[in-house]
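Below is one structure, written out as structure tokens, with a few remarks after it.
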């Protein structure tokens, strides 16, 4: 029905996260029907990104500068490193506007099931950046509240135990706007344990 | 946080149907992190499509051949033309495998609200293809069961009234797999009116 070029485009689009075969077909059709408004700018943006964007050699962020704009920003607090699993987590924290230190992207978490060990993550790079003796005062472990995320946090806390650097993790509790009725027991129990005087 | 090239890519992806700002960000990240597996093939597929795919001059389908593979297929019944709003509708009918005639893509439907009149649609092309006297036996109006779709169907039926060509429309009724309980009154009423002896 549709030509081979269209089918190939749909297949590649369908592999993107958040797109399935049906939405990939709609996206392909939209691109082909709005050639000047959609297809041409998308090709140009992808080519520019392919040419210029790379992993920051310091922290693992994706940026067109290297070191990235965050690592190069003299206004950021260089005594704090926030460890995240993926670049997407770094972006999410930046959107919050609540953090002004540096980051370190591990590139995943330890996982016995998926066969991911310490050497598969950028833990060596993190330890090198912290250094001995260290100018870093605090490492914040901003890893997911999953079993693998917490295993990785424990592992890193162990590795940093004698470095003289403070190691912290994100608070667990009721999400802002969250209704208690809809929260799982684990979150409620964590929020209760970490309750604070007002 | 993310470089200008990444932000531009996210903005363009977010305009595609089915993608919002959040899924566009995830898609961009996936593309940039899997450069060889995702980004490079997507650029190549988009460039091939931009270069080769065009509207079929006969029916308005999108294809890399012109006339398209459907119009050029000698096995298809050239005495029947199925009129659809958009290329997506043509593809949906082709997936059903239930139709073996030719198509005609109008490029939309009449809409007083959106200011779309007969000259904004490819009605002239349809009438030329049908011709007088016509070798076409039947025109199937496969337009949406919306107010605008049905207005357009009425308009086309009027224009074809004296052409000697049979004009039909898709049956309305209970969708296959549909539970009566979840159907709207209009569908139930149409299904009841068009009930068939078994």
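The values are calculated or read from the model by the stated rules, or taken from the named source; none is laboratory data. Keep in mind it's a predicted model, so treat the numbers as computed, not measured. Don't worry about glycine lacking a Cβ; one is built from the backbone with ideal geometry, like all the others, and counts go over all protein chains shown.
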Item to check | Residue within segment A:93-104 that is free of Cβ contacts under 8 Å to residues at least 60 places away in the same chain and within 8 Å of another protein chain (Cβ to nearest Cβ) present | outcome: yes
Checklist outcome for this item: Only unsatisfied item for residue B:68, checking (1) free of Cβ contacts under 8 Å to residues at least 60 places away in the same chain; (2) assigned by TED's automatic domain parsing to the domain that holds residue B:132; (3) farther than 22 Å from residue A:12 by Cα, is (2)
Next on the checklist: Restricting to segment B:6-23, and then to whatever is facing chain A (nearest Cβ under 8 Å) and closer than 20 Å to residue A:21 by Cβ, can you tell me which residue is surrounded by the fewest Cβ atoms within 10 Å (Cβ to Cβ)?
Outcome noted: B:17
Checklist entry - Just wondering, is there one or more residues in segment A:89-100 that are surrounded by 19 or more Cβ atoms within 10 Å (Cβ to Cβ) and modelled with pLDDT of 95 or more? => result no
Next on the checklist: If I filter segment A:37-45 for residues that are within 23 Å of the chain's Cα centre (by Cα), more than 7 Å from every other protein chain (Cβ to nearest Cβ) and surrounded by fewer than 18 Cβ atoms within 10 Å (Cβ to Cβ), do I get at least one hit?
Outcome noted: no
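Matching residues to (1) modelled with pLDDT of 95 or more; (2) assigned to a loop (DSSP other than H, G, I, E, B); (3) surrounded by 15 or more Cβ atoms within 10 Å (Cβ to Cβ):
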| position | (1), (2), (3) |
| --- | --- |
| B:126 | yes, no, yes |
| B:150 | no, no, yes |
| B:173 | no, yes, yes |
| B:195 | no, yes, no |
Next on the checklist: Please verify whether residue A:6 is part of a helix (DSSP H, G or I), touching a residue at least 24 places away in the same chain (Cβ under 8 Å), in contact with a helix residue (DSSP H, G or I) (Cβ under 9 Å, 6 or more places away or on another chain) and more than 28 Å from residue A:168 (Cα to Cα), treating the condition exactly as stated.
Outcome noted: yes
Checklist entry - Do you know which of the residues in segment A:133-154 that are in contact with a strand residue (DSSP E or B) (Cβ under 6 Å, 6 or more places away or on another chain) and in contact (Cβ under 8 Å) with a residue 60 or more places away in the chain is nearest to residue A:89 (Cα to Cα)? => result A:142
Item to check | Filter pass, residue B:145 being at pLDDT below 95 and under 21 Å from the mean Cα position of the chain (by Cα) | outcome: yes
Item to check | In segment A:52-87, the residues that are surrounded by 18 or more Cβ atoms within 10 Å (Cβ to Cβ) and in a helix (DSSP H, G or I) | outcome: A:70, A:71, A:87
